[in-house]
Amino acid sequence: MIYCPKCGTVNRQGSRFCNECGAPLPATGIRCPACGATNPAGNVYCDRCHTRLVPAEPPPQEERPAERPSPIRGISLPSISPTREAAEIPEWLAELSPAAPTAPEAPTQAEIPEWLAELSPTAPTAPEAPTQAEIPEWLAELSPAAPPGGPSKPEVPPIFPVAPEPIQPLEKPASSAEEIPEWLKDLEPSPLPSEGLSVPVPPVMAEATSAPSPPPPAVVPPLILEETEIPAPSEAEIPDWLREAEKEPAAPPIEAGGLVPAEIPEWLRALQPRAEMPAEVEPVETEGFLAGLRGLLPVARGLDKVSTAGPSLPVAPSPAAVARAELLQSLLSRPLVLPHAEAREAVRREGWMLTRLLVGLVLLVAIVAPMLVQWRLFGPPLIPTADNLFALVEGIAPQTPVLVAWEYGPAEAEEMDRVAGPLMDHLLRRQARLVIVSTRMEGPATAEALLTSRLADTQERLRRVANLGYIPGQATGVREAIGNLDGRTEWGSGAPAEQIEAMAGVQSVADVGMVVILAAQPEDLRVWVEQVSATRPDVPIVAGISARAEPLMGPYLAAGQIQGALSGLTGGAAYEQRLDTGRGREYEYYLNSLGLALWAVAALTVLGALISLLGGRKR
Amino acid sequence: MDRFVRRALPTSVAIGTGILVLLGYLFPHTVLASVRDELIHWGVIIAAFAFILGFFNLLRVHLARARTSGGIYSLFLILAALASLGLTLAALLLPPLRFWGDWWFRSIIAPLQATVMGLVAFVLAVAAVRLLRHRRQWEALVFLVAVLVVLMGTLPLPLPFSGWLEELRHWWIQVPAMAGMRGLLIGVGLGALVVGLRILVGADRPYTD
């Protein structure tokens, strides 16, 4: 647990920031110098990048085993910690090992590291050894201890580039020569061919190891020799890169005062503790909620400085350049019109206008011509359903109430009046009492207009006709009208329906002798047929409908729900011919106009289809 | 509270009313039938009020549109609607003014509606002429042939051609047209049933926003 120094909140181990206030928490783990990851305390290697976090500590001098021999100085070899080596050496091999080296001599100066002090008397290039304060701690830990016997020549830590040195020949341990088994003797390296063979070591090979100098031959364990001893290559065996490295200039000598920082390789710098990094590399935020955090935003130098130099053109544009710019602007501002598309659009417009003019002219001639010449072009069609309807109406007894659903308005009146007219004439002729309702707002007025032309006498009309007006609600209104006829008021006079003579004895649809549906819309026909036939299936239903609703009437007519019907102007004409009310001339005119117009439309349709099929398709 | 008023209360009322009306049709008991008829009566009254609200909403919308550029048509619509309302109310309240109400209907409303219907017929005729010009497909050809057959069957025939054309027209209406209409009616019935059930169980709430 980590306690926040700002708010005191307990945070999880390893947290970098407080979960409550966001303040940075003191680092309790070890931060990896290579990748920055925080590792738990006690980690030797980074959990993320496996970089060594704790510098390898040399074993104590008195317990220090024999140093690993390095026949070729500066070449990196697999590093094995001494303690591990000691632990991994089998017992039988330990017996073969030479005795522990003697303790080194005490340093002559307390402030000089031991290993450096031993090097100082014989180091020609380091007249003055660096003091303990001048050497970083991490580097001091990396520094190897002086060999027990002391080097015979000046030594520098191999982590720094060193000048090429002649390879030290390996010496066979004399004391244990007789104790080495035969198989191990075979593994012993052969003596170097020449003592003076010099193998240059490039600086890049000078990797940090804990073996700064070749140990005395007596302390080299045979097993280690097996791993590390490399026979000195002959001149021919030296690779080219090694020869080139030999030609490189030697590293500058170590000056007085210690190490040269510029010669530390980059990878080694990355291993330096972050505390030694300069503070300006990662600035600390001073404002906002990020205050106190380090290294969050990159430093953008110069962004906070306002430039005082204003934009300026190097030279004034020439008149020719201005003229070209104006020309380009005028071209860009001009609408893009393709000449072919414009012409095609004009042709299309002309064709469309021509078609409409042609159709309109033909229809006008077809409608007006029968007015001028009283020809009889078409005879009334034979419609069997109209005959059935005529027979039904003819069978109504006088004073029988008939419910009339007036479901059309002025828009359809020119057609529907020709359908409803003869039917109303026939009902009035049969002395039937008409009870009119409508679910369309214009229905009552349209009915009143037609019936006024049939019954001019108002008193007579009130005795024969009860216009109960508009019933809102569509299907609900139909259901309401069927069940509640006497609770309404008369549309023209405003009198209660029960006080009207035509409504005598009529309370619902059950009291009428017939239901007549005058519908221009198929939907109105469907609603009325379904509601009435479901409520009073014994009441006969007849219909006078528009030509548009005729297809919908077929199923009801075939099922017997509609017992008689006439549709459209032709049906009205057929009924008028049967009834013979003296309006035959009117129907003849309408038939001629309608017939001519329809024939003209049919001819134009065929003509247009042929032109379209024979000509090209218009896109 | 707001959710209750907006959602729960209308849904409860609609479902309860629908179940009561349905029970009145399923069980022809006197009490249930009277409740059913009363609810239907309420429905008609509510529909009338809804129509009044629709009228004023139409005025409000076109009043806002009349202030914009090109709102002259909205202004004409408002004036015509107010004139119709005033003359109708005057004819109902003052019988001497009934003449002007009838005149408004006969001389303004009826001719205008008939003219619009005539324009629809004219547009349909032009579209029929140019049908194959834009859609040269076999479906369009079949549609065109069907239109011609029904047209020639509907219109009064000259006496020399009334024989076989009348038989063709009769077959066309009795077989293909009636089959299509029966299919439409079955679809309408099933759709009405499903919509009714969905409203009854509250799956559809067209009465809420």
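Every read-out reported here was derived from the displayed coordinates using simple, explicitly stated rules and does not represent laboratory data. Because the structure is a prediction, the values reported are computed rather than measured. Counting neighbours? That spans all protein chains shown, and the Cβs are built from the backbone with ideal geometry, glycine included.
Report the FRET efficiency, 1/(1 + (r/R0)^6), for A:Arg585 and A:Leu610, where r is their Cβ-Cβ distance and R0 is 35 Å, rounded to 0.05. Approximately 0.40, to the nearest 0.05. Within chain B, the selection of entire DSSP H helices by a Cα span of 20 Å or greater along the long axis and an average Kyte-Doolittle value of at least -0.5 returns B:9-26, B:30-66, B:72-93, B:110-129, B:138-154, B:178-200. Using every pair of distinct Cα positions in chain B, the Kirkwood expression returns a hydrodynamic radius of 23.6 angstrom. Farthest toward the positive end of the dipole of chain B, out of B:Ser69, B:Leu148, B:Gly191, is the Cα of B:Ser69, where the dipole comes from beta carbon charges about the Cα centre.
Once C-alpha pairs closer than 8 Å and six or more residues apart are averaged by separation and normalised to the residue number of the range A:384-581, the relative contact order reads 28 percent. For the range A:528-619, the relative contact order works out to 20 percent when only alpha carbon pairs closer than 8 Å and six or more residues apart are counted. Here the dipole of the range A:572-619 is about 480 debye; that uses its Cα centre as origin and unit charges on the Cβ of Lys and Arg (positive) and Asp and Glu (negative).
For A:Leu53, the amide hydrogen comes within under 5 Å of the amide hydrogens of A:Tyr45, A:Cys46, counting only partners 5 or more places away or on other chains and with H modelled in the peptide plane. Label sites at B:Val201 and A:Ser453, each approximated as a point 7 angstrom past Cα along Cα to Cβ, lie 5.3 nm apart. Among A:Ile436, B:Ile46, A:Ile396, A:Ile545, a tally of other beta-carbon atoms within 10 Å of each Cβ gives an order, fewest to most, of B:Ile46, A:Ile396, A:Ile436, A:Ile545. When the charge dipole of the range B:1-143 is built from unit charges on Cβ atoms (+1 for Lys and Arg, -1 for Asp and Glu) and taken about the Cα centre, the candidate among B:Leu131, B:Pro10, B:Gly118 whose Cα reaches farthest toward its positive end is B:Leu131. Spin-label model, A:Phe17/B:Phe76: points 7 Å from Cα along the beta carbon direction are separated by 6.9 nm. Placing +1 on the Cβ of every Lys and Arg and -1 on the Cβ of every Asp and Glu, with nothing else charged, gives the range A:308-463 a dipole about its Cα centre of roughly 300 debye. Between the residues A:Ala534, A:Ala466, A:Met553, the greatest Cα displacement towards the positive end of the dipole of the range A:384-581, with unit charges on the Cβ of Lys, Arg, Asp and Glu, is found for A:Ala534. With neighbours defined as other Cβ atoms within 10 Å of a residue's Cβ, the residues B:Met178, A:Met553 order from fewest to most as B:Met178, A:Met553. Looking at the square roots a ≥ b ≥ c of the eigenvalues of the Cα gyration tensor of the range B:66-138, which shape do they give, rounded for a/c under 1.5, prolate if a/b is larger than b/c, or oblate? Verdict is oblate for the range B:66-138.
For A:Arg52 and B:Ala8, a Förster radius of 51 Å and the Cβ-Cβ distance give a FRET efficiency of 0.15, rounded to the nearest 0.05. For the range A:384-581, the gyration tensor built on C-alpha atoms gives a rounded shape. Its axis ratio a/c (a ≥ b ≥ c) stays under 1.5. Just want to confirm a number: the relative contact order over chain B, from Cα pairs under 8 angstrom separated by 6+ residues, in percent. Contact order relative to length: 21 percent.
Dipole magnitude for chain B: computed about the Cα centre from +1 point charges on Lys and Arg Cβ and -1 point charges on Asp and Glu Cβ, it is near 680 debye. Taking amide H atoms as placed 1.01 Å from N in the peptide plane, the amide H of A:Asn39 lies under 5 Å from those of A:Ile30, A:Arg31, A:Cys32, each 5 or more residues away in sequence or on another chain. For the range A:427-441, 3J(HN,Hα) computed residue by residue from phi via the Karplus equation (6.51, -1.76, 1.60; θ = phi - 60°) reads 5, 5, 5, 7, 6, 7, 9, 9, 10, 10, 10, 7, 9, 10, 5 Hz, glycine and proline entered as x.
Please give the FRET efficiency for A:Leu336 paired with B:Thr115, using the beta carbon to beta carbon distance and R0 = 45 Å, rounded to the nearest 0.05.
0.60
Modelled this way, with points 7 Å down the Cα-to-C-beta line, the labels at B:Ile186 and B:Asp37 are 3.7 nm from one another.
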